[in-house]
Amino acid sequence: MATTMVSSAGGLLAMLNESHPLLKQHALYNLNNFVDQFWPEISTSVPIIESLYEDDEFDLHQRQLAALLVSKVFYYLGELNDSLSYALGAGSLFDVSEDSDYVHTLLAKAIDEYASLKSKAAESNADGADMDLRLEGIVERLLEKCIMDGKYQHAMGIAIECRRLDKLEEAIMKSDNVHGTLSYCIDVSHSYVNRREYRQEVLQLLVKVYQKLPSPDYLSICQCLMFLDEPEGVASILEKLLRSGNKDEALLAFQIAFDLVENEHQAFLLNVRDRLSPPKSQVSEPALPKSTVPDSSQNENSSAPDVQMTEGTSSSTVHEMDPSEAVYAERLTKMKGILSGETSIQLTLQFLYSHNKSDLLILKTIKQSVEMRNSVCHSATIFANAIMHAGTTVDTFLRENLDWLSRATNWAKFSATAGLGVIHRGHLQQGRSLMAPYLPQGGAGGGGSPYSEGGALYALGLIHANHGEGIKQFLRESLRSTSVEVVQHGACLGLGLAALGTADEDIFDDIKSALYTDSAVAGEAAGISMGLLMVGTASEKTSEMLAYAHETQHEKIIRGLALGIALTVYGREEEADTLIEQMTRDQDPILRYGGMYALALAYSGTANNKAIRQLLHFAVSDVSDDVRRTAVLALGFVLYSEPEQTPRIVSLLSESYNPHVRYGAALAVGISCAGTGLSEAISLLEPLTSDVVDFVRQGALIAMAMVMVQMNEASDSRVGTFRRQLEKIILDKHEDTMSKMGAILASGILDAGGRNVTIRLLSKTKHDKITAVVGLAVFSQFWYWYPLIYFISLAFSPTAFIGLNYDLKVPKFEFVSNTKPSLFEYPKPTTVPTTTSAVKLPTAVLSTSVKAKARAKKEADQKATAEKAAGAEPSPASTSAGKGKASSEKDGDAMQVDGQPEKKAEPEPSHEILTNPARVVPAQEKFIKFMEDSRYVPVKSAPSGFVLLRDLQPTEPEVLSLTDTPSSTASPASGSATGQQSSASAMAVDEEPQPPQPFEYTS
Amino acid sequence: MDPKLTEVSQLFERFKAACTRDDLNTSTNQLSQLKVLLTGFRSLPPLFENTPDADKELTIARDVYEHAVLLSVKIGDQEAFERNFFQLKPYYTDAGSCLPQSPQEYMILGLNLLRLLVQNRIAEFHTELELLSPTALEDPCIKHAVELEQSFMEGAYNRVLSAKHNVPYKSYDYFMDLLAKTVRDEIAGCSEKAYDYLSISDACQVLLFPSENELLEYIKEEHPEWEIKNGSVVFQKAKESAPCKEIPSLQLINQTLSYARELERIV
């Protein structure tokens, strides 16, 4: 009996036609229970049920029941729209908490519908008047339920999607871990909220919520405020923290400042800095007037001189202040140093210098194998050297090969000189004096070749990229005082770099006058430079630039302007649509090509579907190869926030018959997956590195190097294969020049910045690094203009953990990397199979301990090569001997401070102890742990970057690491005249590594 | 005994009495009441709950619906017949295992088959047939319907009409009359297609009318589009049936070519 089941709903359906209402109700009720089973039968009777729903004679409950039944049938039929509209009719009978497929599906549908209605309403600025209240009711019920059940993340996601900021706030406030929820919410709003304005609204709300909390998380608030571009808020928070009596609060303020600096938003940072009120000179003065005019002017004064701007403010105002103000003044000085980027740049420079591990042997091999007459490979080698030593200030290679270097003529000379700028990148204080021998001499008139003069100006720009306050004036004067187009070219690029994103009108006018000379060489640089200057401002200047691009005859100028226009819309998303439309519909392929860049930059890192669709469309349909190539390449920019997606999206394009498209695909992967070492990316690029077309090989090699930067063989064996492939290509006499050049550049990028930098387009807080993105965008122009290769140095960011104490000094501090040291160690230096390995460590440091260590290392290396056949085991053992020696020395002498990260000496260590400052590659970050019994505690437990440390034993003397290196180290190779200004400047700034001596081209 | 059940059985008795009296109004009202009362039993389809009185309830419910079917035949309401039959059906199919077979089952199934035949719903007819057991097929009521259908399909219309005289039950008469009309409609439909015109006497013969008057009556009612001309019936053939559509070849060629071009362009 119990097993008896109905086999058909026919009886019930027939009952629906009965005249008695009770019978109908009975039928409806039972049908509703059996609908899951009999929906195919019921579907034929839907019209009857619908008419029941519409029949006014029935009571509400029954009509709702009918609606629910119809809704379910439609759901099974796959007609979700109808289903939803009837479900709305079912009112309260539609139970959001029911756990069935039907309810889940319809809820999802309802949310979608509601969200799209809401966003449509928001976009057209209309009220939600025509909003279906029933729909809203369902969504609200759902939200309520989520909050009740503690599914806050669901609730927040839905609330954000549906633009219900009130509900979002409620969800956040009710959640049990408000901080966690907030940070989740920030993540979500960055990755899933597509419209810029709306994202700002969400962030504003978040800031509001943050501020309501009893213990506000200033770090996050400031990040939000930065996205919102509200320097006032940040400044007031910083000031509050700085004025607090507690040292920890000041540390927190410094930490905030460092985090902000990491995002490289120059204009914003300067704005914040200028808004910090100066210390009161008299106690009686009423509480801080918020007027920004006087102090900003004061700051202008102090920042105008090149070197000692930060010292200026404090020394002039420090007298006759009460103690708390004195403390504030002192902190403010530090704060301004940080915000201007100088502190971090200086520390980075020291780190890169002291940890430089570049392998000169690779360069030497390249140099020897490259034919003398082949100027492309020759300059490629110079490029590779510059990239390899970017920011390390180590120019040994150039010094040792002056003869060879002098073969560079004309533009190659320009590049060679500019390369110094890359090597000395961030050497703000002495940049000018370093480049002095090559700079145009004001009155003397044509001391050197215009090419090296132009290059030097460009180099100054590279040195001061994004921090060019001190050098802007000089560059402007140089630009104005010259009429040589090569010098103009260099000056324009330099100015653009130095004044990146500042939107300075005067500079713009200067550059514009260079543009209007209508010289192809200067005009191209001027176009790019205007873009750099106006990055992300979307100002009206674009129409001016566009008009000139139509007017001029020179393709170079058009190209420069096209890129420049693209740069101005950086990050503007929908706002840029009109301009993009205009450019992509242009007759001129070069402007369309600029349009691709505009798309790439306007939507950079958003993974916006519309942009991707447009780019894919152009990638397959445009008539010009250049445009197609750029369209594919642009995908890399749009997708860099989701690197896993890129290989999948471009995989088909990478098999295109069109080599330009393949090239674009390679670079797209290179750009978006840069520094990730993503396995899919490598698999996609691998076949392209042996493509039949030479320039595709070039692109693939460069892209591969970008992906693999900082990886060693232990983490992916293909890195080793790739290195060997590069070597083979470079040594192969019959290889095409193009791919050879690619291979040379690739070896440079692979070991960039002394093996201590990676390419990173997103900061740790998921903010776009504007400089890096711009750098890569201009870098990708090297197809047309090799000197632009140097722009890649803007994308380099050091992979370091640098802990700082209250004095912004680097104390000795140890922490643990919880993984095998071999996984992330530096790639082993290459060895020459025969002999001559003596020149392997040219940056010989003259302290005895280091010598001993070098000896030990050499022994170890020799042993390692000897025992290579024996297997992997002996090599760590042999190094352990050397390390043991070194560490015993260290124990004996506490004063001897060593910058190298010491590895533990166990045969199979499962972790290693790193010493501040240490190299921490991105993949390693998740293994970083801080020791609990350490003297210092980090303010924020970040695994890399600048971290402020709280000193738990402030009374004891601190041991500092990363102090300045002895000044006698740098000049073993310099036989040429010692510059008189170098010694003077070395006296002035004792925090710096010794500037290398200037050298001259001998011919 | 459950008071509800008692109430139902009392009402059922009165309903049966009304039926036999041919008091149609009272009986329909009582039937409606009965049905409403039946919805209160949880042992009935579709719930089939195992209540103590389940057997009795099921039996009485089945009886009620059987009577309802017969009543609808008596009234000549085909829709009601269908409704009632569908409501009755679960008692035969699903509850068949736990109830003794109803004596009227085959008769009602046969009636239903006949109804489908009358309404010319041949597909459903066969569906129903397939669901029947071999023993059921042996039953004279079912057999009757099956034979009728066969003759109907063969076109042996005279056999169909003559079958009217040996119906197994009186209640079949209603449908047999209707069937005659269905048959005639079929014939009319065929002749329309087959002939341009027919003489009136031939038409009488073909359509199985005993007299010309009945034929003319029939034409007037059912087929006003037929013309009576010169002593013959002229069928208006639907000449305007659309000519075979031309293949849009040019368009197709264009489309295919453009696909080919696109394909070439796709990476």
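The values are calculated or read from the model by the stated rules, or taken from the named source; none is laboratory data. Given the structure is predicted, the values throughout are model-derived calculations rather than measurements. Please note: Cβ atoms are built from the backbone with ideal geometry, for glycine as well, and neighbour counts cover all protein chains shown. We work out accessible area using only protein heavy atoms, side chains counted, and drop any ligands, DNA or RNA first. Shrake-Rupley method; radii C 1.70, N 1.55, O 1.52, S 1.80 Å.
Structure summary
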item	result
Contacts under 6 angstrom Cβ, first residue in segment A:750-779 being within 26 Å of A:Thr721 (Cα to Cα), partner among the aromatic types (Phe, Trp, Tyr) and open to solvent by 10 Å² or more (accessible area, probe 1.4 Å), 6 or more apart	A:Ala752/A:Phe796; A:Gly753/A:Phe796; A:Arg755/A:Tyr826; A:Val757/A:Phe796
Qualifying residue in segment A:204-217 (condition: under 23 Å from A:Met148 (Cβ atoms) and within 22 Å of the chain's Cα centre (by Cα))	no
Total residues in segment B:68-104, condition more than 10 Å from chain A (Cβ to nearest Cβ), among the hydrophobic types (A, V, I, L, M, F, W, C) and surrounded by 18 or more Cβ atoms within 10 Å (Cβ to Cβ)	6
Complete set of residues in segment A:458-493 that are assigned to a helix (DSSP H, G or I) and closer than 19 Å to A:Asn410 by Cβ	A:Tyr458, A:Ala459, A:Glu485, A:Val486, A:Val487, A:Gln488, A:His489, A:Gly490, A:Ala491, A:Cys492, A:Leu493
Residue match in segment A:437-445 (condition: more than 20 Å from A:Ile789 (Cβ to Cβ) and open to solvent by less than 40 Å² (accessible area, probe 1.4 Å))	yes
Failed item, numbered, when B:Gln10 is tested on (1) surrounded by fewer than 19 Cβ atoms within 10 Å (Cβ to Cβ); (2) part of a helix (DSSP H, G or I); (3) within 25 Å of the chain's Cα centre (by Cα); (4) more than 9 Å from chain A (Cβ to nearest Cβ)	(3)
Segment A:4-16 - residue that is part of a helix (DSSP H, G or I) and under 16 Å from A:Leu65 (Cβ atoms) and, of those, farthest from the other protein chains (Cβ to nearest Cβ)	A:Leu16
Odd one out for A:Lys120 among (1) surrounded by 14 or more Cβ atoms within 10 Å (Cβ to Cβ); (2) assigned to a helix (DSSP H, G or I)	(1)
Any hit, segment A:109-117, residues being of a type outside the set (Val, Ile, Thr) and within 25 Å of A:Lys208 (Cα to Cα)	yes
Condition check for A:Leu332: within 22 Å of the chain's Cα centre (by Cα), open to solvent by less than 30 Å² (accessible area, probe 1.4 Å) and of a type outside the set (Ser, Thr, Tyr)	no
Checking A:Arg432 against (1) in a helix (DSSP H, G or I); (2) buried (at least 24 other Cβ atoms within 10 Å of the Cβ), the condition it does not meet	(2)
Residue ID - least open to solvent (accessible area, probe 1.4 Å), chosen from residues in segment B:28-37 that are under 17 Å from B:Leu70 (Cβ atoms) and facing chain A (nearest Cβ under 9 Å)	B:Lys35
Number of the exception - B:Tyr197 against (1) surrounded by 14 or more Cβ atoms within 10 Å (Cβ to Cβ); (2) closer than 21 Å to B:Gly76 by Cα	(2)
Among residues of segment A:617-644, those that are more than 10 Å from every other protein chain (Cβ to nearest Cβ), open to solvent by 10 Å² or more (accessible area, probe 1.4 Å), under 19 Å from A:Leu688 (Cβ atoms) and among the hydrophobic types (A, V, I, L, M, F, W, C), counted	0
Test: A:Asp588 is over 25 Å from A:Leu639 (Cα atoms) and either open to solvent by less than 10 Å² (accessible area, probe 1.4 Å) or not polar (S, T, N, Q) (or both)	yes
Test for B:Leu117: is it open to solvent by less than 10 Å² (accessible area, probe 1.4 Å), part of a helix (DSSP H, G or I) and more than 30 Å from B:Ala54 (Cα to Cα)	yes
Options B:Phe15, B:Phe41, B:Phe48; residue that is outside any helix (DSSP H, G or I), more than 10 Å from every other protein chain (Cβ to nearest Cβ) and buried (at least 21 other Cβ atoms within 10 Å of the Cβ)	B:Phe41
Of the criteria (1) open to solvent by less than 60 Å² (accessible area, probe 1.4 Å); (2) modelled with pLDDT of 80 or more; (3) more than 14 Å from chain B (Cβ to nearest Cβ), which one A:Phe38 fails	(3)
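Here is a yes/no grid of residues against (1) away from chain B (no Cβ under 14 Å); (2) of a type outside the set (Val, Ile, Thr); (3) under 27 Å from B:Arg42 (Cα atoms):
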| residue | (1), (2), (3) |
| --- | --- |
| A:Leu22 | no, yes, yes |
| A:Gln25 | no, yes, yes |
| A:Ser51 | yes, yes, no |
| A:Asp55 | yes, yes, no |
| A:Ala67 | yes, yes, yes |
| A:Asp82 | yes, yes, no |
| A:Ser85 | yes, yes, no |
| A:Asp95 | yes, yes, yes |
